[in-house]
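The values are calculated or read from the model by the stated rules, or taken from the named source; none is laboratory data. Being a predicted model, the structure only gives us computed values, none of them experimental. Quick reminder, even Gly has a Cβ in these numbers, built from the backbone with ideal geometry, and neighbours come from all protein chains shown. To get the accessible areas, we keep the full protein, side chains included, count just its heavy atoms, and leave off ligands, DNA and RNA. Shrake-Rupley method; radii C 1.70, N 1.55, O 1.52, S 1.80 Å.
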Amino acid sequence: MTQFNTKLVHGPQLQTDKAGAIVPPVYQSAMYRFAPDGGTSDWDYARSNNPTRDYLERQIATLENGDAGFAFSSGVAAIATVLAIFPDGSHFIIGDSLYSGTDRLLNQYFAQHGLTFTPVDPRDLTAVEAAIRPETKAIFFETFSNPLLKVSSVKAISALAKAHDLLTIVDNTFLTPYYQRPLDLGADIVLHSATKYIGGHGDLIAGLVVSASPEISEKIGFLQNTIGAILAPLDCSLVCRGIATLAVRLDRETSNAQAVAEFLEQHPDVAHVYYPGLKSDPGYALAQQETTGASGLLSIKLADNIDPIKFVNSTKVFDFADSLGTVSSLVKLPWFKLPEEKRSTSGLTPQHVRIAIGLEDQQDLIDDLAQALTAAEKK
């Protein structure tokens, strides 16, 4: 089982089920029997370990070519646990366009508890290097930024980090290990909101972490058990289900997104399309070098003659809702979710729309956006 698609379907076997189940069972138990001599077996208490979670964690580590994987109750719980491995007074260089939940966690919680953060455009390596301080411990960014999909080089940033004895932490939610494996490009820790593409069905909240070295794995494993923000067995099973269909879903979603992006790029009511799968996109060449697909998310800036509120409320196939990476298509207005103090530096306007593409028929998606644009034209 050396090929990636096979690994999606057949994860590392734990040999725990004696009934011969093909699908790894859900072990819905809080505790496990001790060995006859009173010692612990492979599992003892479900916060520390659980066979269903172990299967998922070993599988994501295999898919990311990492040392160990860890499953958490949410993406932000995963990020919080990773940041907790660093000592008080640590400084981080962070991408200047992070997911809003990540930004809130860093700047409204950790910044009040001994950690400091400097936002930098990770595409600008000179600016990244200039932001390094003696107390800097890591560089943390998203390969494709949220929501404008600016493309950063994992390989270049990881090399820069290593030259300064820093760790590289990459949020790989948008691409998944199907389209990019950051550890292979030099990163030390990779994060996922498995709520999105990896889970893929819009019915769970989960976070995943994969570490590149045993030293980092030991620290994260200790805090996963100590803090306890672990993913429940049933949700672990649902993430495993999502992993099994990851390739076929992303193939369809990416194909749909490419067609939608090309349609919108030519539409007179759309001022700009942000999608690294377009040759006109400034990140296209780098995305071709370091990823194998552009995924199913794009953003657009509507022309001034289009009412953005009316546009998102005029779609029939697309739902006006948060999140992405699920089987159904969604639209969102990111400007309105931003705190007022961040709007002027975000690069966003009320005319920006984030579009998460699902598995629907390609033509239906295009027709739906076309009629919504017509319906939203200001008279």
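Among the residues of region 111-145, what is the count of those that are more than 30 Å from Gly277 (Cα to Cα) and either open to solvent by 20 Å² or more (accessible area, probe 1.4 Å) or touching a Cys at 6+ places or on another chain (Cβ under 8 Å) (or both)? The total comes to 12. Report yes if some residue within region 243-260 is open to solvent by 20 Å² or more (accessible area, probe 1.4 Å), in a loop (DSSP other than H, G, I, E, B), of a type in the set (A, V, I, L, M) and touching a helix residue (DSSP H, G or I) at 6+ places or on another chain (Cβ under 7 Å); otherwise report no. No, region 243-260 has no match at all. From the list Gly20, Gly39, exactly one residue is of a type outside the set (D, E, K, R), open to solvent by less than 40 Å² (accessible area, probe 1.4 Å) and more than 16 Å from Gly242 (Cα to Cα). Which is it? Of the residues listed, the single one that is of a type outside the set (D, E, K, R), open to solvent by less than 40 Å² (accessible area, probe 1.4 Å) and more than 16 Å from Gly242 (Cα to Cα) is Gly39.
Exactly one residue out of Thr2, Thr16 is within 28 Å of Thr292 (Cβ to Cβ), among the hydroxyl-bearing types (Ser, Thr, Tyr) and free of Cβ contacts under 8 Å to residues at least 40 places away in the same chain, and it is Thr2. Only residues that are in contact with a Leu (Cβ under 7 Å, 6 or more places away or on another chain) and of a type in the set (A, V, I, L, M): list them for region 333-356, please. Residues satisfying the conditions are Leu338, Leu348, Val353, Ile355, Ala356. Residues in region 181-212 that are acidic (Asp, Glu) and touching a strand residue (DSSP E or B) at 6+ places or on another chain (Cβ under 8 Å): 1 in all. Only residues that are among the hydroxyl-bearing types (Ser, Thr, Tyr), within 20 Å of His352 (Cβ to Cβ) and touching a residue at least 60 places away in the same chain (Cβ under 8 Å) were counted across region 285-318, and they come to 3.
Only one of the numbered conditions (1) in a loop (DSSP other than H, G, I, E, B); (2) farther than 20 Å from Ser255 by Cβ; (3) of a type outside the set (A, V, I, L, M) is not met by Gly277, and that is (2). Looking at Ala206, is it more than 17 Å from Gly293 (Cβ to Cβ), among the small types (Gly, Ala, Ser) and open to solvent by 40 Å² or more (accessible area, probe 1.4 Å)? No; evaluated as a whole, the condition is false for this residue. Gln258 meets all of the listed conditions (1) without any contact (Cβ under 8 Å) to a residue 60 or more places away in the chain; (2) over 16 Å from the mean Cα position of the chain (by Cα); (3) within 18 Å of Gly101 (Cβ to Cβ) but one, namely (3).
Can you find, within region 50-85, the residue that is surrounded by the fewest Cβ atoms within 10 Å (Cβ to Cβ) among those that are in a strand (DSSP E or B) and touching a Leu at 6+ places or on another chain (Cβ under 8 Å)? It comes out as Gly69. Looking at Thr315, is it among the hydroxyl-bearing types (Ser, Thr, Tyr) and under 27 Å from His192 (Cβ atoms)? Spelling it out, it is not the case that Thr315 is among the hydroxyl-bearing types (Ser, Thr, Tyr) and under 27 Å from His192 (Cβ atoms). Quick check on Thr374: is it hydroxyl-bearing (Ser, Thr, Tyr) and touching a helix residue (DSSP H, G or I) at 6+ places or on another chain (Cβ under 7 Å)? The answer is no for Thr374.
Out of all the residues in region 336-347, is one or more of a type outside the set (S, T, N, Q) and within 19 Å of Pro268 (Cβ to Cβ)?
no
Here region 154-169 is the region considered, the condition is being aliphatic (A, V, I, L, M) and more than 16 Å from Thr136 (Cα to Cα), and the residue that is surrounded by the most Cβ atoms within 10 Å (Cβ to Cβ) is Val154.
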